[in-house]
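Read the structure below first, then the notes.
Each value in this text was obtained by applying a stated rule to the coordinates, not by laboratory testing. Only a predicted model underlies this, so the values are computations on that prediction, with no experimental measurement involved. As a convention, Cβ positions derive from the backbone with ideal geometry for all residues, glycine included, and neighbour counts pool all protein chains shown.
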Amino acid sequence: MRDDSHLTKGQWREIDAKVIAAARSVLVGRHVLGLYGPLGAGVRSVELEDATGGKVRPVEVPVLSTDFTLAWRDLQEAERLSVPLSLSKVTAAASSVALQEDELVFLGNDELGVRGLVGTPGAKTVKIRDWSQGENAFADTSEGLEHMLDAHTYGRTALVVSSDLYVALQRIQPGTGMLESQRVSALLDGGVLRTPVLPKSTAVLLSAGEQNMDLVIGQDLITGFLGSSDLNLDFRVLETVLPRVKNPDAVVVFRA
């Protein structure tokens, strides 16, 4: 279908590069979770064992997408002047899909039947202390790690926090000469990451070994040509992904 767009191979390469760069700048879940796939666009479902030890059931791998349009005037001008085509709309669409992916990973989607890490059944939920004060962030994280070890849960650990908590961690802890974020990161294999998809005062501590959780990828991020309307060219950035939690003890949620 790409040939029907009449874009050059060079322009398609530029679009693909923009999509990859934009997604990498946004995605957080993929930095933490192990990846299972790509399995191919034709894979519609995978098996998922209930996180609380229930039976295995097939779960659909959702499609995430955002459309964009390249105006015919922009295309004509780029060809006439032999200048690069403006691809800001490509970046915006790819960023949108990446945010959708992180929302699915961390918050889930009721309509799609995905719970997300924050809503993992059986996961430990802790009332968060004030991380802008004292050693509360360090203490909460340490206690979360202790819970995982007591449950014999092992894997690469990381802490994913909301934007406001990340800011609260950027302060010098008295008597240490270190940022609180540095002290917390020293406890973790994967450090501290932030994502705007988490609600305020929310953090998720993960033990992200593949035995605990993963991210199923059917079709990885790709751009397809939809057709033309009023001489403009319509495109879709899409992917099929599904987060799976296999061990609820590998997730500790801190929230107000």
### Task
Would you mind stating whether LEU64 is outside any loop (DSSP other than H, G, I, E, B) and either within 18 Å of GLY119 (Cα to Cα) or among the hydrophobic types (A, V, I, L, M, F, W, C) (or both)?
yes
### Query
Quick check, is ALA158 in contact with a helix residue (DSSP H, G or I) (Cβ under 6 Å, 6 or more places away or on another chain) and either in a strand (DSSP E or B) or under 29 Å from PRO58 (Cβ atoms) (or both)?
yes
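Here is a check on your reading of the model: is GLY34 touching an Asp or Glu at 6+ places or on another chain (Cβ under 7 Å), surrounded by 13 or more Cβ atoms within 10 Å (Cβ to Cβ) and in contact (Cβ under 8 Å) with a residue 60 or more places away in the chain?
For GLY34, the condition - touching an Asp or Glu at 6+ places or on another chain (Cβ under 7 Å), surrounded by 13 or more Cβ atoms within 10 Å (Cβ to Cβ) and in contact (Cβ under 8 Å) with a residue 60 or more places away in the chain - is met.
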### Summary
Taking the stretch 147-161 and keeping only residues that are surrounded by 20 or more Cβ atoms within 10 Å (Cβ to Cβ) and under 12 Å from LEU205 (Cα atoms), one is left with MET148, THR157, ALA158, LEU159, VAL160, VAL161
### Summary
Within the stretch 224-242, the residues that are assigned to a strand (DSSP E or B) and surrounded by fewer than 21 Cβ atoms within 10 Å (Cβ to Cβ) are GLY224, PHE225, LEU226, GLY227, SER228, SER229, ASN232, LEU233, ASP234, ARG236, LEU238
## Note on the structure
Of those in the stretch 182-198 that are in a helix (DSSP H, G or I) and in contact (Cβ under 8 Å) with a residue 40 or more places away in the chain, the residue farthest from the chain's Cα centre (by Cα) is ARG183
